[in-house]
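**Q** Quick one: the structure is below, questions incoming.
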Amino acid sequence: MTTAANTDTTEGGPRPDEPAEQTWAGGQVEYHRHLTTLEGWRQFTAAEVAAPALLPAARWKALTDVDRSGYDEHRLDYHTHMAVVATSTLRQVVNAGRRLALLNRHAVSARRGLILSGAAGTGKTTAITQLGKTHEATDRLRYPGLARIPVVYVTVPPAATPRMLAVEFARFLGLPMTYRANMTDVIEAVYGVAIDARVGVVCVDEIHNLQLATRSGAEVSDTLKYFSERIPATFVYAGIDVEREGLFSGTRGRQIAGRFTLVETVPFPYTTEWQGLVASLEQALRLHHHRAGTLSRLDQYLHQRTGGMIGSLSHLIRGAAIEAILDGTEKITKTVLEGVELDHAADHYRTRAQRTT
């Protein structure tokens, strides 16, 4: 199979002259990883986040400048992509997705799907990618050594047209598509490869970019429906507040509502689960002077600061850990946390909460 990286004529695909991204961890070179390409997706599903061991104090202090730089770089890289925390929402999505995939295994029509809807930062993309990763691992255990593509992951482009969406599928599958390729050619190529590669789960992110009230949005919806009818796979959508965006409105919307289970992702309330999430992230830290339990004692502050958004919480703690390594303090305090900027939504929530107290 020819990959999209081998041609510069793929619409929206990576260009041969794109710069590579390097990481110093282990001295290896790591190229840009895009989940919306087969190569990037496979790197994502194969990657395991291994926590680096902390050196004993005496050995750590005895490191040369060069060795210390490499050691710190390894820990910095680790804190940029710490392991995913298994929230109740994530478990619900993975379990529901696996159940639907099994129920759809022998269905010839009217296959059921899953939609994740909620505010930004509530873990939608994390949930569907973890579902895809779980399905991929299960499929490879069931069919070891076979050239299969168990999962397709695409995003709906802004102001998408049917052809743009079809090309997103083609790009993931590594199909070279020129600008001269017509819509029918792209769809047939995608369908053929998806069938041959035994695609079992299709994850479609950023579904809020699909506006059913517009002609192009309605046509994109029809294209997705066409793919879902011809490709024997479980389709999983994720988007921001899709009900408010009109995804279930009109005839097309009612068809979607009749075939898809809706899972709403919401900010976490301040409960024992939130406290457990904070504790799990704290246990994953690799800092020399950090006192265990510091973040757990700040869990109410962390909830107020992030508005219960799991994405904001992860960003805040990882950012504080990186700052603690860079400034040499090797510990996270409330002062360090205050110095980490968050997204506007979290800051807005915090300001509103302060006004009501």
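The values are calculated or read from the model by the stated rules, or taken from the named source; none is laboratory data. Being a predicted model, the structure only gives us computed values, none of them experimental. Quick reminder, even Gly has a Cβ in these numbers, built from the backbone with ideal geometry, and neighbours come from all protein chains shown. Accessible surface areas use protein heavy atoms only, side chains included; no ligands, DNA or RNA. Shrake-Rupley method; radii C 1.70, N 1.55, O 1.52, S 1.80 Å.
**Q** State all residues of region 135-154 that are under 18 Å from residue 93 (Cβ atoms) and surrounded by fewer than 21 Cβ atoms within 10 Å (Cβ to Cβ); if no residue qualifies, say none.
**A** 137, 138, 139
**Q** Any idea how many residues of region 260-275 are outside any strand (DSSP E or B) and either within 20 Å of the chain's Cα centre (by Cα) or on the phi > 0 side of the Ramachandran plot (or both)? Give the steps one after another, and end with the answer.
**A** Going residue by residue through region 260-275, those that are outside any strand (DSSP E or B) are 266-275.
Still in the list and also either within 20 Å of the chain's Cα centre (by Cα) or on the phi > 0 side of the Ramachandran plot (or both): 266-268.
Residues in region 260-275 being outside any strand (DSSP E or B) and either within 20 Å of the chain's Cα centre (by Cα) or on the phi > 0 side of the Ramachandran plot (or both): 3 in total.
**Q** I'm checking my understanding of the structure. Among residues of region 231-256 that are β-branched (Val, Ile, Thr), open to solvent by less than 10 Å² (accessible area, probe 1.4 Å) and outside any loop (DSSP other than H, G, I, E, B), which one is nearest to residue 117 (Cα to Cα)? Please lay out each step first, then the result.
**A** Initial filter on region 231-256 (β-branched (Val, Ile, Thr)): 231, 234, 236, 240, 242, 251, 256.
Then drop every residue that is not open to solvent by less than 10 Å² (accessible area, probe 1.4 Å), which leaves 231, 234, 236, 242.
Subset that is outside any loop (DSSP other than H, G, I, E, B): 234, 236.
Details: 234: 17, 236: 11 Å.
This residue is 236.
**Q** I'm checking my understanding of the structure. Among residues of region 269-285 that are open to solvent by 60 Å² or more (accessible area, probe 1.4 Å) and either touching a helix residue (DSSP H, G or I) at 6+ places or on another chain (Cβ under 8 Å) or not polar (S, T, N, Q) (or both), which one is farthest from residue 332 (Cα to Cα)?
**A** Going through region 269-285, the residues open to solvent by 60 Å² or more (accessible area, probe 1.4 Å) turn out to be 269-270, 272, 275, 283.
The next check asks that each one be either touching a helix residue (DSSP H, G or I) at 6+ places or on another chain (Cβ under 8 Å) or not polar (S, T, N, Q) (or both); those that pass are 269-270, 275.
On the way: 269: 23, 270: 21, 275: 17 Å.
The residue in question is 269.
**Q** If you take the residues in region 93-134 that are of a type in the set (S, T, N, Q) and touching a helix residue (DSSP H, G or I) at 6+ places or on another chain (Cβ under 8 Å), which one is surrounded by the fewest Cβ atoms within 10 Å (Cβ to Cβ)?
**A** Taking region 93-134 and keeping what is of a type in the set (S, T, N, Q), we get 95, 104, 109, 117, 122, 125-126, 129-130, 134.
Filter again for touching a helix residue (DSSP H, G or I) at 6+ places or on another chain (Cβ under 8 Å), leaving 109, 117, 122, 126, 129-130, 134.
On the way: 109: 6, 117: 24, 122: 24, 126: 20, 129: 20, 130: 18, 134: 19.
Only one residue fits best here, namely 109.
**Q** Pull up region 38-92, narrow it to residues that are among the small types (Gly, Ala, Ser) and assigned to a helix (DSSP H, G or I), then point me to the one that is surrounded by the fewest Cβ atoms within 10 Å (Cβ to Cβ). Before you say what the answer is, go through the steps one by one.
**A** Our first condition is that a residue be among the small types (Gly, Ala, Ser); within region 38-92, this holds for 40, 46-47, 50-51, 53, 57-58, 62, 69-70, 83, 86, 88.
When the remaining residues are screened for being assigned to a helix (DSSP H, G or I), the result is 40, 46, 57-58, 69-70, 88.
Values: 40: 17, 46: 11, 57: 10, 58: 7, 69: 12, 70: 15, 88: 11.
It comes out as 58.
**Q** To continue, here is another question. So residue 160 fits all but one of (1) open to solvent by 10 Å² or more (accessible area, probe 1.4 Å); (2) out of contact with any Lys or Arg (no Cβ under 6 Å at 6 or more places or on another chain); (3) at pLDDT below 95; what number is the exception?
**A** (1)
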